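Participant: Below you'll find the structure I mean.
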Amino acid sequence: MAIGILLVGGMGTRLKPLTNQTPKPMLPVGGLPVTERQLLAAKKAGINTVILATSYLSEIFTPYFGDGSKWGMKLLYAVEEVPLGTGGAIRNAAALIDFADSKEEFVIFNGDVLSGHDIAAQLAFHRANKADATLHLIEVADARAFGCVPTDANGRVLDFLEKMENPVTNAINAGCYIFNSSVISEIPAGKVVSIERETFPQLVKSARPVFGYSEQSYWLDIGTPAALFKGSRDIVGAGFLAGLGSKIGEGSLLTGGTSIGLGSRIGANCTITNSIIGDGVVIGDNCTIADSFLLHNSNVAADSEILGKYISPTENLPISL
Ligand code: GDD
Ligand code: MG
């Protein structure tokens, strides 16, 4: 069965300060890290072995996911001392297994995407076309921030244009692509390589069979604070969601898609809206909290007003959504 690679090594610059102590893919949406949601999606498609391509704050992943057995999966960790870019990360991750002779395809995931698309159907499409690479494509209203991917009537990719001012199509790289091992062998080892700016354009130029699998399902790149909060609200709905072992004091009102992680304690008579609260957070009585992110194990004193803030055990900084 295909092998997964999760690209989880970016700096998450656009999400600062939320990524000061947490790599972007480990930020919780609807109470679970984005990476965990991606692993569950991969498993549903029959992918049981996944390599995490880590770099920035790589040490945060292993204590949470371990060897993957809790999820019935096998997880391996590749660490880039210096970030190798998306292509270099893939090459470096695949080197953990004997990929050169592998008959298995690799399913690569950008680590900051929530997608409801059918990965098994994408894999079947890849095989039916005898493709070397197959990208999931999605149509967006404004393609400027993404990789633009024009295709012909059969879905064959005609070009790959990363982040352009005047997009030639609204179909974009949705951040989940399948590679045959031959494609990975061609990425130079130990070098910084961009899959978007180097590998994809080269594959297309040399007339290799690269296909686009179009499926318009739920899709979101959580790469900005506003997008992260939207992703969490989309999962929670209008009310709130609280993880196991959490306690909410009498008279407290939680709304606006607020999520609370495991074992957190909210005091009495608090009003909390549109906020992401991690595990083991303690909030005193009579607090008003809105549009805020409270990292795992942070504390909020009674009678506090927290509006548009990032709170960690050591930081208290403004955020704008
Ligand atoms: N291991 C590793 N090393 N991972 C990396 C590195 C690196 O050097 N650089 C980036 N990543 C990871 C990020 O953590 C993220 O999960 C993923 O690669 C994509 O990087 P982003 O920085 O989020 O890229 P983007 O959102 O601007 O654009 C990409 O995603 C779009 C879809 O959301 C491109 O792939 C676009 O073509 C695509 O449309
Ligand atoms: Mg992104």
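Participant: Any idea how far apart L40 and M11 come out in nm if each label point goes 7 Å out from Cα toward Cβ?
Facilitator: 3.2 nm
Participant: Could you work out the percent of alpha carbon pairs in segment 209-284 separated by over 14 Å, rounded to a whole number? Don't jump to the answer; show the numbers that get you there.
Facilitator: On the way: 1840 of 2850 pairs.
So the portion of pairs separated by more than 14 Å is 65 percent.
Participant: Compute the distance in nm between two label points, each set 7 Å from the Cα along the Cα-to-Cβ direction, one at T255 and one at L76.
Facilitator: 5.1 nm
Participant: Below 15 angstrom from the Cβ of T288, what's the summed charge of the other residues (Lys, Arg +1; Asp, Glu -1)? Kindly include the intermediate steps, with their values, before the conclusion.
Facilitator: Numbers: positive: K309; negative: D285, D291, D303, E305.
Overall, the nearby charge balance is -3.
Participant: Return the lysines within reach of K247: Cα separation strictly under 28 angstrom, same-chain partners fewer than 8 residues apart disregarded; answer none if there are no such residues.
Facilitator: Answer for K247, where 28 Å is the Cα cut-off: K24, K70, K230, K309, listed by chain and number.
Participant: Same structure, new question: If you take the beta carbon distance between N20 and D98 as r and set R0 to 30 Å, what does 1/(1 + (r/R0)^6) give as a FRET efficiency, to the nearest 0.05?
Facilitator: Details: r = 38 Å, r/R0 = 1.26.
Approximately 0.20, to the nearest 0.05.
Participant: By average Cβ neighbour count within 10 Å, what is the ranking of 215-222, 35-42 from highest down? Walk me through the numbers before you get to the answer.
Facilitator: Details: 215-222: 16.1, 35-42: 20.4.
Ranking, from highest mean packing down: 35-42, 215-222.
Participant: Given a cut-off of under 8 Å on Cα pairs at least six residues apart, what relative contact order in percent is computed for segment 3-221? Could the numbers behind the result be given before it?
Facilitator: Values: 452 pairs, mean separation 52.5, N = 219.
Contact order relative to length: 24 percent.
Participant: Okay, moving on. Tell me, what % of the accessible area of the chain is carbon and sulfur with a 1.4 angstrom probe?
Facilitator: About 53 percent, which is the carbon plus sulfur part of the accessible surface.
Participant: Also: For T288 and E186 in the same chain, what is the full-extension length gain: residue separation times 0.36 nm, less their Cα-Cα distance, in nm? List each step's numbers first, then the result.
Facilitator: Numbers: separation 102, 0.36 × 102 = 36.72 nm, distance 5.47 nm.
The span from T288 to E186 would gain 31.2 nm if fully extended.
Participant: With N denoting the number of residues in the chain, provide Rg(C-alpha) divided by 2.2 N^0.38 Å, to two decimal places. Could the numbers behind the result be given before it?
Facilitator: Values: Rg = 20.6 Å, N = 321, 2.2 N^0.38 = 19.7 Å.
Compactness ratio reported: 1.04.
Participant: What distance in nm separates the two pseudo spin-label positions at R156 and A268, each 7 Å out from Cα along the beta-carbon direction?
Facilitator: 7.2 nm
Participant: Full extension from R127 to R144: what is 0.36 nm times the residue separation minus their Cα-Cα distance, to one decimal in nm?
Facilitator: Using 0.36 nm per residue and subtracting the Cα-Cα distance, I get 3.1 nm.
Participant: By the scheme Lys and Arg +1, Asp and Glu -1, what is the net charge of all other residues having a beta-carbon under 12 Å from that of K24? Before the final figure, lay out the partial values.
Facilitator: Working: positive: R14, K16; negative: D112, D221.
Its environment carries a net charge of 0.
Participant: So if I average 1/r over every pair of distinct C-alpha atoms in segment 1-99 and take the inverse, what Kirkwood radius in Å does that give?
Facilitator: Values: mean 1/r = 0.0732 Å⁻¹.
After inverting the pairwise mean of 1/r, the radius is 13.7 Å.
Participant: With every protein chain present, what is the per residue accessible area of the chain (1.4 Å probe, Å²)? Don't jump to the answer; show the numbers that get you there.
Facilitator: Numbers: 13600 Å² over 321 residues.
Normalised by residue count, the accessible surface of the chain is 42 Å².
Participant: Moving to a separate point now. Can you give the relative contact order of segment 40-100 as a percent, counting alpha carbon pairs under 8 Å and 6+ residues apart? Display every interim value, and only then the final one.
Facilitator: Values: 61 pairs, mean separation 22.7, N = 61.
Worked out over segment 40-100, it gives 37 percent.
The values are calculated or read from the model by the stated rules, or taken from the named source; none is laboratory data. These figures come from a predicted structure and were not determined experimentally. A quick note on method: Cβ atoms are made from the backbone with ideal geometry, for glycine too, and the neighbour counts reach across all protein chains shown. For accessibility, only protein heavy atoms count, side chains too; no ligands or nucleic acids. Shrake-Rupley method; radii C 1.70, N 1.55, O 1.52, S 1.80 Å.
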